[in-house]
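Below: one structure, written as structure tokens.
Please treat every number below as a calculation from the coordinates, not as lab data. If you're wondering where the values come from, they're calculated on a predicted model, not measured in any experiment. FYI the Cβ positions are ideal-geometry reconstructions off the backbone, even for glycines, and counts take in every protein chain you see.
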Amino acid sequence: MSIIGRNSEIELLERYIASKNAEFIALYGRRRVGKTFLVNQTFKGQFAFSMTGVLEGKKEDQIDAFLDAMDIFGYKSNERPKNWMEAFSQLRKALSDRISNGNPCIVFIDEIPSLDTQGSGFTKALGHFWNSWASTQDNFKLIVCGSATSWMIKNLIDSKAGLHNRITHEIKLLPFTLKETEEYLLSKNFTWSRQMVLQSYMFTGGVAYYLSLFDESESLAQNIDRLYFSENGEMRREYKRLFKTLFNAAEPYMRIVETLAQKKQGMTRKEIIASMKAEKGGTLSEQIQNLIECGFIRKYMVREKKVVKENSGIYQLVDPFTLFHLYFNSKAKGDTRFWENHINTPVVNTWLGLAFEKVCLLHTQQIKEALRIDAISTQQYSWRSKDKKTPAQIDLIIDRADGMINLCELKYSETDYTLTESEFNKMERRFAAFVSETGTRKGIFKTLITASPLKKNQYSESIPVKLTADCLY
């Protein structure tokens, strides 16, 4: 099976494995994004040893998994290791012949956070294994992988203990882009239009496993109903599973994203605390940062008077599947064909508009390329007016080092989009309010990004920069 996209990640992995130094590579990313598949396909048949942690398993379960992997690779263990220090000692002895032949000795430990059960001493033993032996073998290559991003960062990448500064390379695997999503669907013989591909991305967020559940013999609407709204839908319970896999204590993280879902433009830290009735402190900050690392939320700066205030950060929920779940979960009310029954209704159309905004925010690099400013240093942020009488908001602002600013309006429509006089006037008022309140002296490019082609009329002709969703691919 060929790998869709991931060219840069494959290039990095192959370069690290071919290096003349011992390597300790940490690959992390959210659940179902394709981490294990990437490593297995890239180095198929080349592993000296490979094992997978047992999700929610106890220490004895993990040791059993280790012994089973040793047996699969032909390494015989004379006695069962009592702890991880003994297990890694057995692994060191087993790999001695592979190390001596001079070829890359690749060891892959998947779902490594699961191995670190309470009181097991796993990370201490791993640190000793690396520091005392593996790091001295120039052809030893250790790849570790895990979905629990917070664990990966705290215990490996930013470790303050025995693994401090021992990771030689880290790779964060992101979901597919819209273009990669299209490539994946085409490789599976889907004949969907780009509008359907866009909507599939709004549902899956480009997560490879979710896309693999689609059936090419069904329409997108039928797929969504089968996977999410049907009684036994494979993604019906994915929301809770997702957070439970990523975080040891999932509830606080779910509370944060559910709080942020109430306000599409996002909230300040102060607003989050007030809404959740949470206590101030480092725990909330750590949880927010973990959610950012996992791609659920983004932090953006608010443009105020002439400058972007660093202390005025807004946290916004941007993960497509999470947004889909929180928007529709309470609306379905047992309707197993909810999506098919609500096509072209306000409840779905409103969500499509909100979801399109998030897709654009996740593809700002592609927008910059379409604007031919990808070589120009920029800052991306949003803006909301402080005038409570006539509140205004601009979801995407591209502030450029060449003295210009793109003020981007994002509009979703399944058919050709018509810019009406009313909507044009609203845009003009928002743009004028931005210039007035921020006091910017930069030039302004009024920019309209539409999901479908823009119909020509006197109002569209007044917008100098016009893009369609094709620019996101």
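So for region 368-429, what percent of the C-alpha to C-alpha distances run longer than 12 Å? Each step should come with its number before you reach the end.
Working: 1419 of 1891 pairs.
For region 368-429, the share of Cα pairs beyond 12 Å comes to 75 percent.
Using Cα centres only, tell me the gap between region 178-249 and region 323-368 in whole Å.
Going from one Cα centre to the other spans 13 Å.
Step through the table entries LYS263/LYS333; LYS244/LYS333; LYS389/LYS426; LYS244/LYS358, compare each Cα-Cα distance with 19 Å, and write down the pairs that go over it. Write down the numbers at each step before the final one.
On the way: LYS263/LYS333 23 Å; LYS244/LYS333 24 Å; LYS389/LYS426 14 Å; LYS244/LYS358 24 Å.
Too far apart for the 19 Å limit: LYS263/LYS333; LYS244/LYS333; LYS244/LYS358.
Could you give the size of the charge dipole of region 120-188 about its Cα centre, using +1 on the Cβ of each K and R and -1 on the Cβ of each D and E, expressed in debye and rounded to the nearest 20? Can you show the working numbers first?
On the way: 8 positive and 6 negative charges, 57 e Å.
Using Cβ point charges on Lys, Arg, Asp and Glu, region 120-188 gives about 280 debye.
Could you tell me what percent of the DSSP beta bridges with both partners in the chain are antiparallel, to the nearest 5?
Numbers: 17 of 51 bridges.
Within the chain, antiparallel bridges account for around 35 percent of the total.
From the phi of every residue in region 462-469, what ³J(HN,Hα) in whole Hz does the Karplus formula 6.51 cos²θ - 1.76 cosθ + 1.60 yield, where θ is phi - 60° and glycine or proline is x?
Values, residue by residue: 8, 9, x, 10, 10, 10, 10, 4 Hz.
I need the Debye-formula profile for the chain: one equal scatterer per C-alpha, no solvent, reported as log10 I(q)/I(0) at q = 0.11 1/Å, two decimals.
Result of the Debye calculation: -1.00.
Is region 363-472 best put as rounded, prolate or oblate by its Cα gyration tensor, with a ≥ b ≥ c the root eigenvalues, rounded for a/c under 1.5, and otherwise prolate when a/b is larger than b/c, oblate when not? Intermediate values should be presented prior to the final figure.
Numbers: a/c = 1.77, a/b = 1.06, b/c = 1.66.
The shape class here is oblate.
Going from the alpha-carbon gyration tensor of region 315-360, what semi-axes, largest first and in whole Å, does one get by taking the root of 5 times each eigenvalue?
Working: eigenvalues 81, 33, 10 Å².
Over the Cα atoms of region 315-360, the ellipsoid semi-axes are 20, 13, 7 Å.
Each residue of region 388-400 in order: what ³J(HN,Hα) in whole Hz does its phi give by Karplus 6.51 cos²θ - 1.76 cosθ + 1.60, θ = phi - 60°, with x for Gly and Pro?
Those phi angles translate into 6, 6, 10, x, 10, 8, 10, 6, 9, 10, 10, 8, 9 Hz.
Between region 89-137 and region 415-466, what is the separation of their alpha carbon centroids in Å?
Measuring centre to centre over Cα atoms gives 58 Å.
Give the Debye-formula value of log10 I(q)/I(0) at each listed q (0.10, 0.11 Å⁻¹), with one equal scatterer per alpha carbon of region 7-172, two decimals each.
Debye intensities relative to I(0), on a log10 scale: -0.33, -0.40.
Determine which lysines satisfy two conditions relative to LYS270: a Cα distance under 16 Å, and not lying fewer than 8 residues away in the same chain.
Answer for LYS270, where 16 Å is the Cα cut-off: LYS280, LYS299, LYS309, listed by chain and number.
Grab the DSSP H runs of the chain that are 4 residues or longer, score each as -39,500 (n - 2.57), total them, divide by all residues and round the 222 nm result to the nearest 500 deg cm²/dmol. Please list the in-between numbers first.
Working: 21 runs with 193 residues, N = 473.
For the chain, the value works out to -11500 deg cm²/dmol.
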